[in-house]
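Any read-out appearing in this document is the output of simple, stated calculations on the displayed coordinates, not a laboratory observation. The structure presented is a predicted model; accordingly, all values stated were derived computationally and were not measured. As a convention, Cβ positions derive from the backbone with ideal geometry for all residues, glycine included, and neighbour counts pool all protein chains shown.
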Amino acid sequence: MSQAFVRENDDLWLHDVAPSVTALIVFLTQENGGIRVNETKTFTDPSGKDVHTMSNGLSYAKDDRGRWEVVVENPTS
């Protein structure tokens, strides 16, 4: 496949995004075809991590190295 058809940010992964909520929103918006993704809720989980629930239906937190990861919320909590 020609490199002419590969966008510049196609090689960016969630764990490569800067550890700020603003950077996360920019990344998720780009991944969502330019449709803005917003933060809908923030809470601290029992382990002490700040979890950010986004309008795309997923929740994100930073791992022990400060990199973003998708969080699977416990439906019984």
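Figures for the structure shown
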read-out	value
Pair Asp16, Leu58: separation of 7 Å Cα→Cβ label points (nm)	1.5 nm
FRET efficiency estimate (nearest 0.05) - Cβ-Cβ, Ile35 to Arg67, R0 25 angstrom	0.55
